[in-house]
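A.B. asks: I'd like to ask you about the structure that follows.
Read the figures in this text as sums done on the coordinates, not as results from a lab. Just so it is clear, the model here is predicted, and its values are computed rather than measured. Neighbour counts are summed over all protein chains in view; Cβ atoms, including those assigned to glycine, are modelled from backbone coordinates with ideal geometry.
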């Protein structure tokens with residue numbers, strides 16, 4: 001079949017092709033990554049030394065808020081959806097996503113949602129300044145007028161995510177090639193289908209939270225206003241009922257990526273495939289009963305604190321299983337260390353460090369000391385940057401030949417890895433120490449005793465930010481003038497997309513379903 | 001010779017400073033153990049979990065690096081073919097379970113202890129508001145506000161070298177004073193948004209939530225000054241509302257209580273006298289500026305420009321130019337549904353009168369209105 005499609009801008013506006021949409025998601029997320037990163041640079045510049053140097057505290061709060069929102073909803077989540085679009089149909093032997101027009105719509109909502117969110121920076125009263133967790137009543141009674149744009153933006157992102165999730169579920173359950181049973185699916189598909197279930201369960205909860213905010217702000221309700229009989233803590237319960245599964249929404253697809261890449265470069269089958277699937281599912285289920293561990297200091301009854309502490313610690317078990325399985329996959333393998341493998345190994349190690357601090361944070365009596373300090377900032381950046389973002393980066397290097405038909409420059413790729421590895425640790429490791437020393441998060445200025453660690457973190461952050469431009473350069477250079485890739489650039493890679501399709505994958509693939517043995 | 005000696009002395013001093021810096025830095029790498037029984041136990045639990053995690057890390061990463069070194073293609077050209085082992089998988093599911101149970105038991109015990117605020121020797125109500133703490137001693141008829149120790153926040157940062165002060169951002173005008181070796185219960189709440197009251201060395205952190213009262217406690221064995229900060233994002237000046245607790249001996253505490261009570265009586269008397277007399281414009285404006293800069297400028301700005309639209313400008317505002325009664329009302333009672341707090345109880349009648357007069361005449365408003373303390377009293381009486 002010929003690749004009939006409009007050309008120019010129309011191709012991208014009207015496309016229903018999963019590969020085009022996947023590329024748009026990935027480019028969009030990278031742009032958001034740079035925007036959110038630029039905001040992080042503002043934060044780190046202000047925190048380079050004590051005293052107020054560059055920004056006013058209110059603008060600082062706008063930066064922390066927008067940085068969080070853009071990175072979570074604009075960079076990490078769309079990058080995962082981009083990978084899903086590109087890979088799921090090829091990995092299960094389907095011609096496209098099940099609902100291609102909806103797919104187009106769910107992408108094209110995003111640029112508008114984020115244009116709306118970012119435009120709030122230029123409004124009177126400034127952008128949202130209440131943190132990405134937008135706790136009421138700071139985000140209702142005390143919030144700037146631009147909050148309404150934030151609310152509508154979140155609604156649109158939510159619609160986009162829900163549609164994306166529905167698409168993944170429908171595709172995976174209906175469009176697998178004959179013989180591709182559920183327990184034969186690549187782990188990336190498994191982790192994504194579980195992620196999709198999390199998404200359709202919690203995004204409506206987030207939508208509910210922002211809707212209640214909207215009615216509190218404009219229509220006289222008092223959901224979160226104690227003076228009117230409401231409850232500000234209820235906001236936190238609702239938010240974190242969304243927010244904790246959201247954490248796994250961002251990391252599970254990266255688990256899937258690591259489970260594809262490590263076996264490929266170890267030239268050995270993934271250890272414990274079925275236990276990987278069950279571990280992912282248990283993590284997802286447990287994620288619904290641990291939300292209040294973000295709220296140990298709000299004054300819950302002891303029984304509640306005990307429940308959430310114990311449930312949270314249980315998550316370490318399936319997570320541990322996954323880490324052990326990756327190590328066992330490497331064990332007695334025949335490993336080489338190309339860029340995707342380097343990023344995947346760093347992902348396992350640094351994500352696990354984030355897991356360790358996670359267990360520490362789960363212990364309520366000590367959490368009182370860690371809560372809302374830089375220790376928490378260190379923890380979640382370890383699971384998000386060298387976790388989710390290294391996972392995506394590994395995926396991009398691994399599948400770039402499949403997508404573009406070209407090979408990236410291995411030397412530059414490795415340089416990108418080592419520079420990122422150095423700076424990601426220089427940025428986020430010292431934050432553990434400033435947190436333990438007692439530095440609260442979200443403050444624009446601090447006492448001299450926190451100065452050394454902040455200076456290190458700032459230097460690290462500038463390096464980390466700049467090194468991601470190298471990544472952009474490598475990808476552009478590959479697309480424009482990379483060496484032609486072989487059909488199977490990685491000798492250990494397995495799966496339909498490597499075994500049955502050339503590099504680059506044609507515009508339409510698997511019009512007739514492949515045979516799966 | 002003298003120069004050389006001086007040089008030598010300064011070099012040694014520098015070296016000493018650098019060394020102490022290194023020692024200091026290593027001490028700063030860890031959580032502060034604190035001074036209370038619960039903080040020490042929390043520290044021990046923290047150390048225990050740090051070591052457990054370190055051992056797990058050494059084992060897991062050790063195996064991984066062994067594999068990275070010895071199971072690379074150059075050393076191990078033919079990969080193994082196994083990919084499953086029920087026994088191994090069972091073992092590495094069970095072991096973390098056991099470790100977690102071992103960690104949970106002491107955590108449960110400590111948590112129950114930390115949350116038991118029963119049978120206190122005295123109680124202090126802590127109310128957070130943007131951006132100060134209000135302490136009310138429920139057993140002693142004492143209450144006061146505790147602000148960052150600076151006359152006015154924005155000007156504060158313009159002073160050169162201010163950030164080098166040892167207690168920069170960790171110093172307040174009025175410290176919370178409590179007796180040593182007494183179980184002090186804190187009842188924590190808030191007036192506006194959520195704040196969080198944290199003193200690391202006491203291992204006490206509790207959210208201050210408007211409309212709800214949270215309970216926590218401490219019993220500090222050692223007199224001393226312990227510093228902390230607000231730990232829940234509460235708006236623009238969140239990073240600028242420190243907590244300072246001064247723990248004193250019981251005898252000193254009794255003296256302090258007596259002194260505070262005398263001060264209160266004197267202040268009440270002075271306020272009554274001040275309110276009774278009629279003030280001239282200069283005096284009203286002088287006290288008004290002082291009060292405005294301390295209480296109002298954080299939101300409405302020193303130059304009255306405000307941070308619209310949330311915090312309206314004072315210049316040519318309809319409120320300031322309109323009837324004085326409405327102006328008195330909003331300052332005394334605040335405005336429901338907005339960020340404007342009620343200052344009726346926080347300021348004396350003279351201060352209220354002065355600040356309202358100041359707002360009506362400063363920055364070119366020039367209404368010529370004088371609001372007297374008596375007007376405030378009359379308003380409050382009819383309120």
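A.B. asks: Alpha carbon centre of segment B:333-358 versus segment A:1-79: separation in Å?
C.D. replies: Using only Cα atoms to place each centre, the spacing works out to 44 Å.
A.B. asks: In addition: How big is segment A:229-275 by the Kirkwood estimate over distinct Cα pairs, in Å?
C.D. replies: 13.4 Å
A.B. asks: Using only Cα atoms, tell me the angle between helix A:316-330 and the longest principal axis of chain A; keep it within 0 to 90° and round to the nearest 10.
C.D. replies: 30 degrees
A.B. asks: Residue B:81 versus residue B:93, label points 7 Å from Cα toward the beta carbon: distance in nm?
C.D. replies: 2.7 nm
A.B. asks: Calculate, in whole percent, how much of the Cα-Cα pair population of segment A:3-111 lies beyond 20 Å.
C.D. replies: So the pairs more than 20 Å apart make up 50 percent of the total in segment A:3-111.
A.B. asks: Sticking with this one: Restricting everything to alpha-carbon atoms, can you work out Rg to Rh for segment B:277-381 with a Kirkwood hydrodynamic radius?
C.D. replies: Checking Rg against Rh, the ratio lands at 0.92.
A.B. asks: For segment B:82-210, what is the convex hull volume of its Cα atoms per residue in Å³?
C.D. replies: Measuring per residue, one finds 228 Å³ for the Cα hull of segment B:82-210.
A.B. asks: If you don't mind, there's one more thing I want to ask. Expressed as a whole percent, how much of the Cα-Cα distance distribution for segment B:231-345 exceeds 21 Å? Working shown, then result.
C.D. replies: On the way: 3698 of 6555 pairs.
Counting pairs separated by more than 21 Å, the tail of P(r) holds 56 percent.
A.B. asks: Counting only other chains, what is the mean number of Cβ atoms within 10 angstrom of the Cβ of each residue in peptide B:107-113?
C.D. replies: Working: counts 10, 8, 1, 5, 11, 4, 1.
Across the residues of B:107-113, the mean count of other-chain Cβ atoms within 10 Å is 6.
A.B. asks: Could you give the distance between the Cα centres of segment A:429-492 and segment B:27-84, to the whole Å?
C.D. replies: Distance between centres, Cα-based: 23 Å.
A.B. asks: Efficiency by 1/(1 + (r/R0)^6): what FRET value for residue B:252 and residue B:141, r their Cβ-Cβ distance, R0 = 25 Å, to the nearest 0.05?
C.D. replies: Details: r = 19 Å, r/R0 = 0.74.
The pair residue B:252/residue B:141 has a calculated efficiency of 0.85.
A.B. asks: In whole angstrom, note down how far apart the Cα centers of segment A:376-405 and segment A:111-187 are.
C.D. replies: 20 Å
A.B. asks: Test of understanding: extend the Cα→C-beta vector of residue B:346 to 7 Å, then name every residue of segment B:290-327 with backbone N under 14 Å from that spot.
C.D. replies: B:291-301
A.B. asks: Averaged over its residues, how many other protein chain Cβ atoms are within 10 Å of peptide A:254-267's Cβ atoms? The partial results should precede the final answer.
C.D. replies: Working: counts 0, 0, 0, 0, 0, 0, 0, 0, 0, 2, 0, 2, 6, 6.
Rounded to a whole number, the mean comes out at 1.
A.B. asks: Show log10 I(q)/I(0) for the protein assembly as shown at q = 0.06, 0.07 Å⁻¹, two decimals, from a solvent-free Debye sum over equal Cα scatterers.
C.D. replies: Once normalised to I(0) and log-transformed, intensities are -0.46, -0.62.
A.B. asks: Could you tell me what % of all Cα pairs in chain B have separations over 38 Å?
C.D. replies: Percent of Cα pairs beyond 38 Å in chain B: 41.
A.B. asks: If you don't mind, another one. Can you give the FRET efficiency to the nearest 0.05 for residue A:486 and residue B:329, using r as the Cβ-Cβ distance and R₀ = 51 Å?
C.D. replies: On the way: r = 80 Å, r/R0 = 1.56.
For R0 = 51 Å, the calculated efficiency reads 0.05.
A.B. asks: In degrees, nearest 10, range 0 to 90: what is the angle between the Cα axis of helix B:37-70 and the longest Cα principal axis of chain B?
C.D. replies: 40 degrees
A.B. asks: Taking the simple approach of a point 7 Å from Cα along Cα-to-Cβ for both residue A:476 and residue A:282, what is their distance in nm?
C.D. replies: Simple spin-label model gives 4.7 nm for this pair.
A.B. asks: Note down the Stokes-Einstein diffusion coefficient of chain A in µm²/s, whole number, using a Kirkwood radius over alpha carbon pairs, 10 °C, and 1.306 mPa s.
C.D. replies: 68 µm²/s
A.B. asks: Running Debye on segment A:7-64 with equal point scatterers at the Cα sites and no solvent, what base-10 log of I(q)/I(0) appears at q = 0.16, 0.29, 0.31 Å⁻¹?
C.D. replies: Calculated log10 I(q)/I(0) at the listed q: -0.61, -1.11, -1.17.
A.B. asks: Distance in nm between label sites at residue A:512 and residue A:337, each 7 Å beyond Cα in the beta-carbon direction?
C.D. replies: Here the modelled spin labels are 4.6 nm apart.
A.B. asks: Further question on the same structure: Test of understanding: what is the full-extension gain from residue A:302 to residue A:455, defined as 0.36 nm times their sequence separation minus their Cα-Cα distance?
C.D. replies: 51.2 nm
A.B. asks: Take the alpha carbon atoms of segment A:318-364, find their radius of gyration, then divide it by 2.2 N^0.38 Å using N residues; give the quotient.
C.D. replies: Normalised by 2.2 N^0.38 Å, the Cα Rg of segment A:318-364 equals 1.34.
A.B. asks: Order by neighbour count: A:217, A:480, fewest other Cβ atoms within 10 Å first, most last.
C.D. replies: A:480, A:217
A.B. asks: Starting from 0.36 nm per residue, how many nanometres of slack lie between residue B:165 and residue B:65 once their C-alpha separation is accounted for?
C.D. replies: 31.4 nm
A.B. asks: Separate question: Can you give me the angle between helix A:273-286 and the longest principal axis of chain A, using Cα atoms only, in degrees from 0 to 90, rounded to the nearest 10?
C.D. replies: 20 degrees
A.B. asks: Peptides A:269-282, A:310-323, A:379-392: what's the order by average Cβ count within 10 Å, highest mean first?
C.D. replies: A:379-392, A:310-323, A:269-282
A.B. asks: What is the packing order of peptides A:181-192, B:366-377, taking the mean over residues of other C-beta atoms within 10 Å and listing the highest first?
C.D. replies: Descending packing order for the listed peptides: A:181-192, B:366-377.
A.B. asks: A further question on this structure: Using Cβ contacts closer than 10 Å as the measure, can you line up A:456, A:199, A:26 from fewest to most?
C.D. replies: Ranked by crowding around the Cβ, least crowded first: A:456, A:26, A:199.
A.B. asks: Which three extents, in whole angstrom, do the alpha-carbon atoms of segment B:31-91 cover along their principal axes, largest first?
C.D. replies: Its Cα atoms span 59, 28, 8 Å along the three principal axes.
A.B. asks: First measure r as the distance between the Cβ atoms of residue B:338 and residue B:183, then evaluate 1/(1 + (r/R0)^6) with R0 = 56 Å and state the FRET efficiency to the nearest 0.05.
C.D. replies: On the way: r = 39 Å, r/R0 = 0.70.
The calculated FRET efficiency here is 0.90.
A.B. asks: Take every residue in peptide A:316-328, count the Cβ atoms of other chains within 10 Å of its Cβ, and give the average of those counts. Walk me through the numbers on the way to the answer.
C.D. replies: Working: counts 6, 8, 2, 1, 9, 4, 0, 5, 9, 5, 2, 8, 9.
Partner Cβ neighbours, averaged per residue: 5.
A.B. asks: Add -39500 (n - 2.57) for each DSSP H run of 4 or more in the protein assembly as shown, then divide by its residues: what number comes out at 222 nm, to the nearest 500 deg cm²/dmol?
C.D. replies: Theoretical 222 nm ellipticity from helices: -19500 deg cm²/dmol.
A.B. asks: Label segment B:332-383 by shape, choosing from rounded, prolate and oblate, from the square roots a ≥ b ≥ c of the eigenvalues of the Cα gyration tensor; if a/c is under 1.5 it is rounded, and otherwise prolate applies when a/b is larger than b/c, oblate when it is not.
C.D. replies: Taking the square roots of the gyration eigenvalues as a ≥ b ≥ c, segment B:332-383 is oblate.
A.B. asks: Still on this model: Can you give the extra length, in nm with one decimal, that the chain gains between residue A:102 and residue A:38 once fully stretched, where that is 0.36 nm per residue apart less the Cα-Cα distance?
C.D. replies: Roughly 19.9 nm would be gained on extension.
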